[in-house]
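Notes follow the structure.
The values are calculated or read from the model by the stated rules, or taken from the named source; none is laboratory data. Everything numeric in this text was worked out from a predicted model, so none of it was measured. Note that each Cβ is placed from the backbone with ideal geometry, even for glycine, and that neighbours are counted across all protein chains shown.
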Amino acid sequence: TSPDWQAVLRLGVPGLLQRILDERAARQAEGILTADQAVFYASAQIVYEATLGLLRRMAAEAEVKTSQSARLTHVARNLRALTERAPETLPEAIQLMILFWQLQEWVEGERVRSLGGLDRLLEPFYRDDLARNRYTREQEKEFIQYFLFKIFARKTPFNQPFYLGGLLPDGTDAITDMSWLILETYDELEIFDPKIHIRVHPDSPDMFLKRALDCIRRGNSSIVFINDTVAIEALCRQYAQEAEAREYVPIGCYEPSVMGLEVPCTGTAGVNMAKAFELALNQGRDPLTGQQVGPVTAPLEKIQTFDQFISVVKEHLRDMIRQAIGIVVKYEQHYLEINPSPLFSGTLEACVRQGQDAYAGGARYNNSSVNCACIASLVDSLLALGKIVYDDRIMSLYALRELLAQNWSGQEMLRLQMRQYPEKYGNNRPKPDLLAAELATYAADLINGQPNGRGGVFKAGMISIDHYHVYGMKMGATPDGRRAHEPLSKNFSAMTAMDRAGVTALIDSVTKIDHSLFPNGSVLDILLHPSAVQGTEGLDKLLALIRTYFAQGGFSIHGNVFDAQTLVNAQKNPEQYAALQVRVCGWNVYFVNLSKPEQDEFIRQARHAAV
C-alpha cells in the first residue's frame with residue numbers, strides 16, 4: 001500500500017481528523033450513518049487523535065530540551081506546528097512523512113510500499129522556503145540528507161521505495177530542482193535504502209537520466225527505471241482514467257498503483273509458469289513430492305504432437321492460476337478482521353466519504369494480483385522437449401520424463417547439447433520469442449479483470465523477484481539442460497548465461513511481448529561489465545539502452561555493473577567488501593550478506609556478462 005501522501009501533506013493530521021469528523025457529522029445529519037460506518041469513523045477518530053497526542057508529547061519533550069541543542073529548538077517548533085496545522089515548510093513536511101511512515105509501517109502494520117513522488121510532493125515546500133528566505137539550498141539539502149538517512153537507519157525489509165520524475169496529470173514533465181537535489185543527496189550518502197524508482201517518458205531530461213545511470217555504474221545501483229508510456233497504458237486498459245494513471249505510484253519493486261485511489265495488493269499470489277511444464281509431463285503429479293497438485297491430464301502416449309503438449313501445459317497453467325485466484329478471494333474475505341487500517345484508510349478520500357475501511361473495499365479501486373514467473377524456463381524447456389521428442393526423435397516423452405526424474409544421469413552429453421541448443425529465449429530468435437509472447441498473453445488473459453474478493457479485479461504481473469531460487473528448489477530437472485533444484489529464470493530475463501547474443505538481442509526478445517498486458521508490472525534484469533560503460537561514451541550507451549528498451553515497449557529495467565573477479569574476491573574476503581551492494585531484484589543488499597548459492601548465481605551472471 002501507499003497512503004495518499006498528497007492528502008497527508010495538504011491536510012496534515014488536524015485536517016485529516018477534521019475530514020473524518022465532518023463526514024461522520026454529515027451522515028448523521030442526513031440519517032444515513034450505518035453501524036459499520038460509525039465503527040469506522042470512531043476507529044479513525046481514535047487513531048488520529050492519538051497521533052495528535054503523540055505529536056504533542058514529542059513537541060513537549062523537544063521543548064524541554066531546547067537548551068541542550070539548537071537543533072532541538074528547530075525540531076520542537078516543527079512538531080508543535082504539526083499539532084495545529086498542515087506542514088508549510090520542507091522540514092515540517094519531512095517530519096510529518098517520517099512520523100506517518102513509522103506509524104503506518106510499525107504500529108498499524110501496513111507496509112508503506114512507497115513514499116510517493118518525493119520531488120513532486122516536496123517541491124512546493126522547497127520553492128516556498130527559498131522564496132521566503134527561510135532556508136538556503138544547502139540547508140534544504142541537509143534536511144533531505146536527514147530524511148533519507150533516517151529511512152536507511154530503519155532497515156526496512158526489501159528497502160523503502162520512492163519515485164522521481166514522470167508525467168504530471170497535465171502531461172508535462174515532473175523533473176524539478178528538487179528532483180536533482182534528492183538524487184544528488186542520495187548519491188553522496190552512498191546508501192541503498194530507500195530505493196529509487198525513476199519514471200521515464202519520451203521527454204524526460206537526458207541529463208537527469210544520465211545522472212542516475214552514473215550512480216548505477218559506480219555501484220550505487222538501488223534504482224529502477226519505469227516506462228510511463230507502458231505503465232499508464234496498462235492501467236488505463238484495466239480500470240483507470242488517463243489523468244489518474246499519470247499519478248501512478250510504483251509500489252514495492254515496480255508495481256504501478258493509482259496514488260490515493262487504489263489499494264493494489266500487488267503481491268497476493270505468484271505462479272511458477274515452468275511448473276506447468278513439469279505437471280504436464282507428469283499428469284498433474286509433482287514428481288518431487290508425489291502429490292497430485294493439478295488435474296489428471298492426458299497420458300503421455302496420447303500426446304502425439306508438440307502443439308498437443310503445449311495445450312496440456314496451458315491446461316495446467318490455467319488450473320494453477322484458477323487455484324491462486326481462488327485462494328486469494330477466500331483470504332480477502334477476512335482482510336478487515338485480520339488487519340483493519342483506520343490510519344491508512346483515513347488518507348484515502350473514498351474511504352472517508354463512504355465510511356469504509358480500505359481493506360473492506362473502501363477505496364475507489366480495490367485490486368489484487370497474480371504474478372507470473374519463470375517464463376524463459378518454460379519456453380526453453382518446451383523447445384528442448386520439442387527438439388528431443390518430436391524433431392530429432394531421440395527418445396519418447398515417457399523416456400524423457402524418466403531421464404529428468406533421474407536428473408540427467410547417464411546422459412551428460414545430451415544435457416550439454418540441450419544447454420547449447422540455440423533456440424532459447426533472449427536471443428532475438430523467432431521461435432522462442434513468439435512462444436513466449438503466446439504464453440505470456442495466455443496467462444495475462446486468464447488473470448486480468450477477474451473479480452477479486454473486495455469489489456475489485458486481479459491484475460497480472462510478470463515478476464519473480466527472488467522466488468526463482470525457491471521455485472527452482474521445488475522443481476526437478478528440465479529439458480533445457482537445467483539440473484534438479486537449480487534456479488529458474490528471473491522476471492522477464494533469459495536463463496542465466498543463455499542470452500548469448502548480447503543485451504540488445506535480449507531487449508528485442510523481451511519486447512516482443514506486450515508489456516501493457518501486465519498492469520501489476522514486469523522488469524528486465526541486466527548485468528553489464530564495467531568496461532562496457534566507461535567514460536562519456538559508456539554513459540551514452542547506457543542511456544541509449546534504456547531509451548531503446550522503452551521505445552520498443554519495455555515496462556521497467558534495472559541492473560548491476562560489476563566484474564566477476566570483484567564478486568569472487570568479496571566471497572573469499574567479505575570483510576574487505578562489506579559495502580559492496582548488488583541489485584537482487586526489486587531491492588539492493590550487501591553482497592556479503594547473500595547466501596552462498598545466491599552469490600554463486602551473481603558470479604555466473606557476471607562471468608557471462610564479460611564474454
Looking at the range 489-547, which of its residues are within 15 Å of M462 (Cβ to Cβ) and polar (S, T, N, Q)?
S489, N491, S493, S509, T511, S516, N520, S522
Within the range 373-395, the residues that are surrounded by fewer than 19 Cβ atoms within 10 Å (Cβ to Cβ), touching a residue at least 12 places away in the same chain (Cβ under 8 Å) and either β-branched (V, I, T) or in a loop (DSSP other than H, G, I, E, B) (or both) are I394
Is it true that P194 is in contact with a Ser or Thr (Cβ under 9 Å, 6 or more places away or on another chain) and farther than 14 Å from C253 by Cα?
no
Go through the range 240-276 and report how many residues are among the hydroxyl-bearing types (S, T, Y) and outside any strand (DSSP E or B).
3
Residue check: is G410 over 29 Å from the mean Cα position of the chain (by Cα) and not in a helix (DSSP H, G or I)?
yes
Please enumerate the residues belonging to the range 275-328 that are in contact (Cβ under 8 Å) with a residue 24 or more places away in the chain and of a type in the set (G, A, S).
A276, A280, G284, G294, A324
Residue in the range 363-372 that is out of contact with any strand residue (DSSP E or B) (no Cβ under 9 Å at 6 or more places or on another chain) and either part of a helix (DSSP H, G or I) or surrounded by fewer than 24 Cβ atoms within 10 Å (Cβ to Cβ) (or both) present
no
Quick one: count up the residues across the range 283-338 that are surrounded by fewer than 14 Cβ atoms within 10 Å (Cβ to Cβ), assigned to a helix (DSSP H, G or I) and touching a strand residue (DSSP E or B) at 6+ places or on another chain (Cβ under 6 Å).
0
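I'd like to verify a number: residues in the range 413-438 that are among the basic types (K, R), outside any loop (DSSP other than H, G, I, E, B) and in contact with an Asp or Glu (Cβ under 9 Å, 6 or more places away or on another chain), how many?
Summing the residues that are among the basic types (K, R), outside any loop (DSSP other than H, G, I, E, B) and in contact with an Asp or Glu (Cβ under 9 Å, 6 or more places away or on another chain) in the range 413-438 gives 2.
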What is the one condition in (1) surrounded by fewer than 24 Cβ atoms within 10 Å (Cβ to Cβ); (2) hydrophobic (A, V, I, L, M, F, W, C); (3) in contact with a Pro (Cβ under 8 Å, 6 or more places away or on another chain) that A460 does not satisfy?
(1)
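Kindly indicate which of G252, G267, G260 is under 29 Å from the mean Cα position of the chain (by Cα) and crowded, with 24+ Cβ neighbours inside 10 Å.
Working: G267 fails: crowded, with 24+ Cβ neighbours inside 10 Å; G260 fails: crowded, with 24+ Cβ neighbours inside 10 Å.
Every option except G252 fails the conditions.
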Residues of the range 476-512 being surrounded by 24 or more Cβ atoms within 10 Å (Cβ to Cβ) and either under 22 Å from G267 (Cα atoms) or free of Cβ contacts under 8 Å to residues at least 12 places away in the same chain (or both), in sequence order, are P487, L488, S489, K490, N491, F492, S493
For the range 396-407, the count of residues that are more than 28 Å from D499 (Cβ to Cβ) and part of a loop (DSSP other than H, G, I, E, B) equals 2
Starting from the range 228-239, keep only residues that are over 16 Å from R199 (Cβ atoms) and part of a helix (DSSP H, G or I), then list their pairs with residues that are at pLDDT 95 or above and polar (S, T, N, Q) whose Cβ atoms are within a distance under 7 Å, requiring at least 6 positions of separation or different chains.
R237/S516; Q238/N448
Just wondering, is there one or more residues in the range 433-455 that are of a type in the set (F, W, Y), crowded, with 20+ Cβ neighbours inside 10 Å and modelled with pLDDT of 95 or more?
no
So R454 passes all but one of these: (1) free of Cβ contacts under 8 Å to residues at least 60 places away in the same chain; (2) in contact with a Gly (Cβ under 6 Å, 6 or more places away or on another chain). Which condition number does it fail?
(1)
Does D540 satisfy being buried (at least 24 other Cβ atoms within 10 Å of the Cβ), over 21 Å from A276 (Cβ atoms), more than 22 Å from the chain's Cα centre (by Cα) and of a type in the set (D, E, K, R)?
no
Give the range 1-45 a look and list any residue that's out of contact with any Cys (no Cβ under 9 Å at 6 or more places or on another chain), outside any helix (DSSP H, G or I) and crowded, with 20+ Cβ neighbours inside 10 Å, or say none.
S2, P3, D4
For the range 339-347, indicate whether the set of residues that are modelled with pLDDT under 95 and out of contact with any strand residue (DSSP E or B) (no Cβ under 7 Å at 6 or more places or on another chain) is non-empty.
yes
Can you tell me which residues in the range 490-522 are in a helix (DSSP H, G or I) and under 19 Å from the mean Cα position of the chain (by Cα)?
V510, H515, S516, L517
Report the residue count in the range 524-578 for those that are among the polar types (S, T, N, Q), within 19 Å of C253 (Cβ to Cβ) and modelled with pLDDT of 95 or more.
1
